[in-house]
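Notes follow the structure.
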Amino acid sequence: MNPHPPRAGWIGRTLRRAGSDRNPMRHASDRAQAILRAVLIAVFVIGGPAITAYISHEVYVAGLQTGRAQAAAWHRVPARVLHVTWIVTGWRHPPVGGPATLRVRWVTSGGSSRTGQVTSARHAVAGSTVTVWIDASGRLAHPPLTRADSADRAIGAAVATPALLALLLWVTARAASLVLDRHRLARWEADWLAVEPQWTKKR
């Protein structure tokens, strides 16, 4: 017959891990560390989904607002293709008819002519005309953000947020553990200095 029956079930195991089993060897720092771990886990499990949903929503709304502002301030103009440089890909040899870098010339709203480079996935030849986006100053700009672009950014934020939150909580737990370890070491040294004279006399 076992003279030391284990505590009942998972409640006893949980209490022992939380430092609430009345073990005389446990210190207040041990209980504080156990409570901190429980709080950090709760923050990740309960707060993580809410934080992720909030951040991804804000990223999506910000993308929509940015896209509308870009579409209002920028406009498309025709541009003449001056030169075509095909982009080499692993499945296209020679790289003709695929994505290419186009050297183009366009005219701004002020009447001045400018040149620049754009990347195009469509087939284009020198002398043809393509449509490019320019900003308010007449410089080349990427197309305004679309609803799909905003959704992609929101998905990226939803994937990255839990990882960043987990990293932040781990750093917090690690920093607290180092502080508590130093406190425990200092207390152990103080206790040993108090006991050592009596211990050495007995020997």
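The values are calculated or read from the model by the stated rules, or taken from the named source; none is laboratory data. Because the structure is predicted, anything quoted here is derived from the model rather than measured. Positions of Cβ are generated from backbone atoms using ideal geometry, with glycine treated the same way; all protein chains shown enter the neighbour counts.
Step by step: first the residues of segment 14-40, then only those that are aliphatic (A, V, I, L, M) and touching a Leu at 6+ places or on another chain (Cβ under 8 Å), then the one that is modelled with the lowest pLDDT. Which residue is that? The extreme case among them is Ala32. Here is a check on your reading of the model: is Ile11 modelled with pLDDT under 95 and loosely packed, with under 12 Cβ neighbours inside 10 Å? Spelling it out, Ile11 is indeed modelled with pLDDT under 95 and loosely packed, with under 12 Cβ neighbours inside 10 Å.
Here is a list: Ala175, Ala160, Ala190. Which entry is modelled with pLDDT of 95 or more, part of a helix (DSSP H, G or I) and either under 16 Å from the mean Cα position of the chain (by Cα) or among the aliphatic types (A, V, I, L, M) (or both)?
Details: Ala175 fails: modelled with pLDDT of 95 or more; Ala190 fails: modelled with pLDDT of 95 or more.
None of the other options fit; the residue is Ala160.
Ser120 meets the conditions (1) in the same structural domain as Leu169 (by TED's automatic domain parsing); (2) of a type in the set (Gly, Ala, Ser); (3) surrounded by 12 or more Cβ atoms within 10 Å (Cβ to Cβ) in every case but one. The failed one is (1).
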